[in-house]
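> Before I ask anything, let me first share the structure, which is written out below as C-alpha cells.
The values are calculated or read from the model by the stated rules, or taken from the named source; none is laboratory data. Given the structure is predicted, the values throughout are model-derived calculations rather than measurements. A quick note on method: Cβ atoms are made from the backbone with ideal geometry, for glycine too, and the neighbour counts reach across all protein chains shown. The accessibility values were calculated without ligands, DNA or RNA, using every heavy atom of the protein model including side chains. Shrake-Rupley method; radii C 1.70, N 1.55, O 1.52, S 1.80 Å.
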Amino acid sequence: CAMLIVADEPTYLRARFRSSVFGFDDDLELRIDMAARVVHVRSGSRVGHSDFGANRKRVEGLRGAYLAEIAK
C-alpha cells in the first residue's frame, strides 16, 4: 500500500493510500482538537461498497501505535 501526504498542518493531516492489488484510493484525515483533548479520525474509500476492512485496520493500527507511544 502506497501513502501520499496531501496536507500536513500543525493540527491536521490528510493522506491518500493506494491499494497495491486493485489500485483503489482511500483517504485518511486526522484533526487534533486541543480543547477537547481528542483526535478526530476519518478513513474512507473513494470507490466501491467494501474495502475488505482496510480502513478499519488502518485506524486500529494508528490507535495501537498512539497508545504504545503514550505508554512509554
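> Looking at segment 12-24, which of its residues are under 14 Å from residue 42 (Cα atoms) and of a type outside the set (A, V, I, L, M, F, W, C)? Walk me through it before giving the result.
Restricting attention to segment 12-24, the residues satisfying the condition of being under 14 Å from residue 42 (Cα atoms) are 12-17.
Scanning segment 12-24 gives 12, 14, 16.
> Sticking with this one: So which residues in segment 38-72 are among the polar types (S, T, N, Q) and surrounded by 12 or more Cβ atoms within 10 Å (Cβ to Cβ)?
Keep residues of segment 38-72 that are among the polar types (S, T, N, Q), which gives 43, 45, 50, 55.
Of everything in segment 38-72, those that are among the polar types (S, T, N, Q) and surrounded by 12 or more Cβ atoms within 10 Å (Cβ to Cβ) turn out to be 43, 45, 55.
> Which pairs turn up if I take residues in segment 34-50 that are modelled with pLDDT of 95 or more and look for partners that are assigned to a strand (DSSP E or B) with beta carbon separation below 6 Å, at least 6 apart in sequence or on another chain?
40/31; 41/30; 42/29
> Kindly indicate the residue of segment 7-16 that is in contact (Cβ under 8 Å) with a residue 12 or more places away in the chain and assigned to a strand (DSSP E or B) and also most open to solvent (accessible area, probe 1.4 Å) among those meeting that condition.
Ranking the qualifying residues of segment 7-16, first place goes to 14.
> Taking the criterion of being in contact (Cβ under 8 Å) with a residue 24 or more places away in the chain, in contact with a Cys (Cβ under 8 Å, 6 or more places away or on another chain) and assigned to a strand (DSSP E or B), would at least one residue in segment 17-25 satisfy it?
Filtering segment 17-25 for residues in contact (Cβ under 8 Å) with a residue 24 or more places away in the chain gives 17, 19, 24.
Filter once more, so that each one left must be in contact with a Cys (Cβ under 8 Å, 6 or more places away or on another chain): 17, 19.
Adding the requirement that they be assigned to a strand (DSSP E or B) leaves 17.
Yes, segment 17-25 has at least one match.
> Same structure again: Please determine whether any residue of segment 19-37 is exposed (fewer than 14 other Cβ atoms within 10 Å of the Cβ) and either β-branched (Val, Ile, Thr) or in contact with a Gly (Cβ under 8 Å, 6 or more places away or on another chain) (or both).
Yes, the conditions are met somewhere in segment 19-37.
> So residue 58 ticks every box in (1) in contact (Cβ under 8 Å) with a residue 24 or more places away in the chain; (2) assigned to a strand (DSSP E or B); (3) within 10 Å of the chain's Cα centre (by Cα) but one. Which box is left unticked?
The failed condition is (2).
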